[in-house]
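None of the figures in this text is laboratory data; all of them are computed from the coordinates on show. If you're wondering where the values come from, they're calculated on a predicted model, not measured in any experiment. Heads up, the Cβs are rebuilt from the backbone with ideal geometry, glycines too, and the neighbour counts pull from every protein chain shown.
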Amino acid sequence: MLKGAVKAGAAALIKERDYLSELDAKIGDGDHGLNMARGAQSALEALDEHSGALTVSELIKLVGEAFLMNVGGSAGPLYGSGFIAGAKAIDSSEAALDAKTIGLFLHEFNAAVKKRGKAELGDKTMLDVLIPLEKIFVESEGKPLAELLKVGRETARNAVEYTKELTARRGRASYLGARSVGHIDPGAASAAILYREISLYIEKNFLTPAQPD
Ligand code: ADP
Ligand code: MG
C-alpha cells in the first residue's frame, strides 16, 4: 500500500529538517525544515490513529489535512491544499498507479498551490520543481513508469539547482528581491526530497526498476 510511501516521505522530511531550515535561513526566516518536519510528524500520527483501510485518495487527504491543520508559515497551507486537491482528483479517476494518474494528481496539486499562493513558474518557489514534474507525467507518451519516475528525479534535482538563478517573487524570500539570487529555494528543495522518496518507494515496491541512478 501507499502508506509505506507516506512513511518514507515523512521520514525523509524529518531527516532533512536542519538542511531545509538552513536553506530558509539564507532567504527566509529559517523555519522551513521545522514546518515540514511538523507536517510529516502530524501526518504519521494521523496515519497511526486511523484504524481500518484507506483508499489512496483518503490517505493523501489525511496527509493534506495534517499539513493544513498543524503547520504554520506559507508552506504548510500550500502543501496541505495541494495534497487535498490532488486527493480529490485521484478519487474521481480509477486511481491506477500509472503516469496518467500521477500527472492528474500533480496537475491538481499545482493548480491548488497556484490558486492559493498566486505564484507561477520562475517565481522561485516549490512550483519550480513541481511544474516540470507535472509536465513529465502529463506528456509521458506511453513511456514506462519506471523510466518516467527516474527522469523525474533528475529533473527535480536540476530544478532545485536552477532556483539559485531565480529572483524570488513570492513568499518571504521576495522581500530580498535580487539578493535572493544565488540561493536554493527551500520549498523547491522539500518538494524534490518528497518526490525522490516517494518515487523510489513506488519503484522498489510496485515496479521492476529501470537502471539505477
Ligand atoms: P514561511 O515562508 O512562511 O516561513 P516556509 O519557510 O515553511 O514558510 O516555506 C517557504 C517556502 O514556501 C518557499 O521556499 C517557497 O517554496 C514556498 N512558498 C512561499 N510562498 C509561496 C507562494 N506564494 N506560492 C508557492 N510557494 C510559496
Ligand atoms: Mg520560513
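Structural remarks
- Identity of the residue in region 53-102, within 16 Å of ligand 2 (Cβ to nearest atom) and not in a helix (DSSP H, G or I), that ends up surrounded by the fewest Cβ atoms within 10 Å (Cβ to Cβ): GLY72
- Looking across region 81-103 at every residue that is among the hydrophobic types (A, V, I, L, M, F, W, C) and more than 17 Å from GLY9 (Cβ to Cβ), the one that is farthest from ligand 1 (Cβ to nearest atom) is identified as ALA96.
- Residue selected from region 23-42 under the condition buried (at least 24 other Cβ atoms within 10 Å of the Cβ) and near ligand 2 (Cβ under 8 Å from one of its atoms), by the criterion farthest from LYS164 (Cα to Cα): ASN35
- Filtered residue count, region 81-103, keeping only those that are more than 14 Å from the chain's Cα centre (by Cα) and without any contact (Cβ under 8 Å) to a residue 60 or more places away in the chain: 13
- Selected residue [without any contact (Cβ under 8 Å) to a residue 24 or more places away in the chain, within 16 Å of ligand 1 (Cβ to nearest atom) and touching a helix residue (DSSP H, G or I) at 6+ places or on another chain (Cβ under 7 Å)] from LEU121, LEU130, LEU106, LEU78: LEU121
- Applying the set (1) assigned to a helix (DSSP H, G or I); (2) over 14 Å from the mean Cα position of the chain (by Cα) to GLU120 leaves exactly one unmet item: (1).
- Residue tally, condition of a type outside the set (D, E, K, R), out of contact with any Gly (no Cβ under 6 Å at 6 or more places or on another chain) and away from ligand 1 (no atom under 16 Å from the Cβ), over region 133-158: 11
- Evaluated against (1) in a helix (DSSP H, G or I); (2) among the small types (Gly, Ala, Ser); (3) in contact with a helix residue (DSSP H, G or I) (Cβ under 9 Å, 6 or more places away or on another chain), GLY182 falls short on exactly one condition, (1).
- Residue that is more than 18 Å from HIS32 (Cα to Cα), in contact with a Ser or Thr (Cβ under 8 Å, 6 or more places away or on another chain) and either away from ligand 2 (no atom under 16 Å from the Cβ) or of a type in the set (Lys, Arg) (or both), where the choices are ALA112, ALA159: ALA112
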